[in-house]
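K.L.:
There's a structure below that I have some questions on.
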Amino acid sequence: MSLVAIVGRPNVGKSTLFNRLVGMRQAIVDETAGVTRDRHYGKCEWCGTTFSVVDTGGYTVNSEDVFEEEIRKQVMIAIEEADVILFLVEVGTGITDFDEEIADILRRSDKPVLLVVNKVDSADKRFDSYQFYSLGLGDPWDISSANGSGTGDMLDRLVSMLPDSKEEEDKHAGVPRIAIVGRPNAGKSSITNAFLGEERNIVTPVAGTTRDAVESYYNKFGHEFILVDTAGLRKKSKVNEDLEFYSVMRAIRAIEHADICILMIDAQYGVEAQDMSIFNLILRNSKGCVVAVNKWDLIENKTGNTMKEYAEAIRKRLAPFSDIPVIFTSVIKKQRILDVLDAAAKVYDNYSKKIPTSTLNEVMLEEIDNYPPPSTKGKFIKIKYITQLPTPCPSFAFFCNLPQYIGAPYKRFLENKLRSHFDFTGCPIRIFMRRK
């Protein structure tokens, strides 16, 4: 998926534009310059094209020299990672020194840049936007991110600048991609090195050692994968302003492009809020999941059922999607690390499983007859036909007479029956109701 980065100096309206593109008030907006410090990621869909958007934000610091340095860092990070740079300026203040500084960097880059003039909310301000031609970045596009005027034409132009969505064929095309994700210092690089049998990635006790998403080809013990070791995803409030933002952006893109995600959890801390955030990110992207509880050798086995109790506690936290393999590992002692790969391979088989329509109807229609959808407002709902949709993630369409009256509890019942008859362990299932 293509990535668009919104860059610019503080208080030009980057967060307001970001909120408009993703269709929700996800980023805080205020008149004060430098409100955005956390990093915001979202998806924008325009005329059938979906792309990721990142709000890089501007922020204020005490010294102008430091401010200029931090602006340069942010823009360089955005240039390095994004497919298209959306450079936002403000019509009211005109061209500032910071605008010229950013424009100079963008002109030297080889990335496509879209120059957007914000806060053009009246006809007379259009004449003021012509001054931005002097930045040497092509035609300025006049918009008002507050009321939305001009954003449609701007998005038409932006979509035309995105690279072709068809990814280049490579020598490992069709090989399952497994992303190893988790909080910093959970042992992601260590387990990758253990899988590969070599010190491929740098490992230190310092949290946040891995900065980039490192891909490695794995072909051993009957398994063939692309392993992607990612940077640790920590709470946004603890993300530094420069390199780590780049790392987190890469880790999120690794999840988007993966087939299966191995979620590494530190056994000493259990499932914390940040682990749940990463898990929800995996779910939102409809990826298969395996939970690997690392550093199990540090947990004292106080009772005979410690492992079983720990697994139940994890599944309770991950509910309602708790049909996930939980493997307890110790990378240092090489305990059960191959079980993680075996589980990932099984989840990938489930993830790519296609069930014949005849089998699906034979099994599920009988279950539906035994427990039909509850009637609503005196209307009886009849499900007549089921088919699996041709999507990467297991998705099923149920055709019925009144799809709008089927609620979430009955969809959950259908999902549970699908899981009980067909093994979808580790895979999210999407259910769609369609009118027959």
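K.L.:
Label Arg430 and Met1 with points 7 Å out from Cα along Cα→Cβ: what is the distance between them in nm?
P.N.:
1.1
K.L.:
Okay, moving on. Label point 7 Å out from Thr387 along Cα-to-Cβ: which residues of the range 342-365 have amide N under 20 Å?
P.N.:
352-365
K.L.:
I would also like to ask the following. Between Asp297 and Asn219, what's the calculated FRET efficiency when r is the beta-carbon distance and R0 is 25 Å? Round to 0.05.
P.N.:
Once rounded, the FRET efficiency stands at 0.30.
K.L.:
Probe 1.4 Å, all protein chains in place: accessible area of Met433 in Å², nearest 10?
P.N.:
20
K.L.:
In nm, give the distance between the simple-model label positions of Asp97 and Ser352, each being 7 Å from the Cα along the Cα-to-Cβ direction.
P.N.:
Result: 5.7 nm between the two label points.
K.L.:
So, one more: What accessible area, in Å² to the nearest ten, does a 1.4 Å probe give for Asp156?
P.N.:
Number for this one is 80 Å².
K.L.:
Please work out how much length the chain gains when fully extended from Thr50 to Tyr133, using 0.36 nm per residue of separation minus the C-alpha to C-alpha distance, in nm with one decimal.
P.N.:
This chain segment gains 27.0 nm when fully extended.
K.L.:
What spacing in nm lies between the two simple spin-label points modelled at Glu309 and Asn147, each 7 Å away from Cα in the Cβ direction?
P.N.:
Each label point is offset 7 Å from its Cα along the Cβ direction, giving 6.4 nm.
K.L.:
So how much accessible area does Asp139 have, in Å² to the nearest 10, using a 1.4 Å probe?
P.N.:
Per-residue accessible area (Asp139): approximately 90 Å².
K.L.:
Quick one: 3J(HN,Hα) in Hz for the range 140-145, Karplus 6.51/-1.76/1.60 with θ = phi - 60°, rounded, Gly and Pro as x.
P.N.:
In residue order, the calculated couplings are x, 9, 7, 9, 10, 5 Hz.
K.L.:
Excluding Tyr130 itself, what net charge comes from residues whose Cβ is under 14 Å from its Cβ, given Lys and Arg +1 and Asp and Glu -1?
P.N.:
Net charge around Tyr130: -2.
K.L.:
Okay, next question. In what order, largest first, do His421, His257, His223 sit by accessible area if the probe radius is 1.4 Å?
P.N.:
Listed by decreasing accessible area, they come as His421, His257, His223.
K.L.:
Here's a follow-up. Kindly state, to the nearest 0.05, the FRET efficiency for Ile332 paired with Ala273, given R0 = 45 Å and r defined as their beta-carbon distance.
P.N.:
Between Ile332 and Ala273 the formula returns 0.95.
The values are calculated or read from the model by the stated rules, or taken from the named source; none is laboratory data. All figures in this text were calculated on a predicted structure; none of them were measured in a lab. All Cβ positions, even for glycine, are placed from backbone atoms using ideal geometry, and neighbour counts span all protein chains on display. Please note that ligands, DNA and RNA were not included when accessible areas were found on the heavy atoms of the full protein model with its side chains. Shrake-Rupley method; radii C 1.70, N 1.55, O 1.52, S 1.80 Å.
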